[in-house]
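Handing you a structure now.
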Amino acid sequence: MQAPKYAQPGQPAKELNLLLELKVIADVGLVGFPNVGKSTFINSFAGKACAKTGNKPGVTKGKQWIRLNKNVELLDTPGILWPKFEDQTVGLKLAMIGSIKDDIINTTELGVEVIRFLAKEYPEALPKRYGIEGFPEDGEGVKTAVDLLTGIAEKKNCRKQGNELDYSKAAILLIDDFRSGKLGKLTLELPSEE
């Protein structure tokens, strides 16, 4: 780039050549729900394990910058949720996919809710995976969902000491199968037909 002529008073003018170098650095922050793969995305983009990952919410404890190259840095952040859900089904769906820590929810009740959802939207999923009879035609009641959880506990031999059925273990097994895709390709929401 050429600048105009420059001269000191009483001196001949000189032309100056200027070289401007711009450094562009991109800072990108990833924000989202807990346990949706923000750190995994960063690791795959970086081509190495830069950010700690896990199959549960809360692995990323704080913000961390990860430099991909001299021009790009990514900010990995912990997942964020609303302080309170207006619609309880939102919280239920987030718990089903693992965005809410299992430590703070009743896994047996969540297992029953997963069974109710599957019975309504994917009635073939439970019989196919566990070899148990599905819901009868009228079956969305609690008793029927608990009966199916009992069937899963029996088929998978989920037992406590004293040969008593372990409903919590059966529910955790069902929830893990649901989250890992072992029950098939499932979706919790469908687009509206409007």
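Using a 1.4 Å probe and ignoring any ligands, DNA or RNA, find the accessible area of R67 and quote it in Å² to the nearest 10.
Per-residue accessible area (R67): approximately 130 Å².
Can you list the lysines whose alpha carbon sits under 23 Å from that of K14, skipping same-chain ones fewer than 8 residues off?
Counting by Cα, and skipping residues close in sequence, K14 has these lysines nearby: K5.
Considering only Cα-Cα distances, which of the following residue pairs are longer than 29 Å: K56/K155; K93/K156; K61/K185; K48/K128; K52/K185?
The pairs that break the limit, which is 29 Å between Cα atoms, are K61/K185; K48/K128.
Follow-up. Tell me the relative contact order for the chain as a rounded percent, counting alpha carbon contacts under 8 Å between residues six or more apart.
Dividing the mean separation by the residue count of the chain yields 15 percent.
Please give the solvent-accessible surface of K160 in Å², to the nearest 10, using a probe radius of 1.4 Å with every protein chain present.
Its heavy atoms expose roughly 100 Å² to the probe.
Divide by every residue of the chain the summed helix terms, -39500 (n - 2.57) for each DSSP H run of at least 4, and state the resulting mean residue ellipticity at 222 nm, rounded to the nearest 500 deg cm²/dmol.
-10500 deg cm²/dmol
Can I ask one more? Stretched out fully, how many nm does the piece from K182 to N157 gain, at 0.36 nm a residue minus the Cα gap?
The span from K182 to N157 would gain 7.2 nm if fully extended.
In addition: For A49 and K14, compute 0.36 nm times the residue count separating them, minus their Cα-Cα distance, and round to one decimal in nm.
Taking 0.36 nm per residue and subtracting the Cα distance, the gain is 7.1 nm.
If S44, S168 are ordered by their accessible area, calculated over protein heavy atoms with a 1.4 Å probe, which sequence runs from highest to lowest?
In descending accessible area the options line up as S44, S168.
Within the chain, which complete DSSP H helices have Cα atoms spanning at least 18 Å along the helix axis and a mean Kyte-Doolittle hydropathy of 0.0 or higher?
Flagged H segments are 107-121, 142-155, 167-180.
Count the DSSP beta bridges whose two residues both fall in the chain, then state the antiparallel fraction as a percent rounded to the nearest 5.
60
Once you have a ≥ b ≥ c as the square roots of the Cα gyration tensor eigenvalues for segment 84-188, tell me rounded if a/c is under 1.5, and otherwise prolate or oblate according to whether a/b is larger than b/c.
oblate
Can you give me the solvent accessible area of C50 with a 1.4 Å probe, rounded to the nearest 10 Å²?
50
The values are calculated or read from the model by the stated rules, or taken from the named source; none is laboratory data. Computed from a predicted structure; not experimentally measured. Ligands, DNA and RNA are stripped out before the accessible areas are found, and what is left, the full protein with its side chains, is counted by its heavy atoms. Shrake-Rupley method; radii C 1.70, N 1.55, O 1.52, S 1.80 Å.
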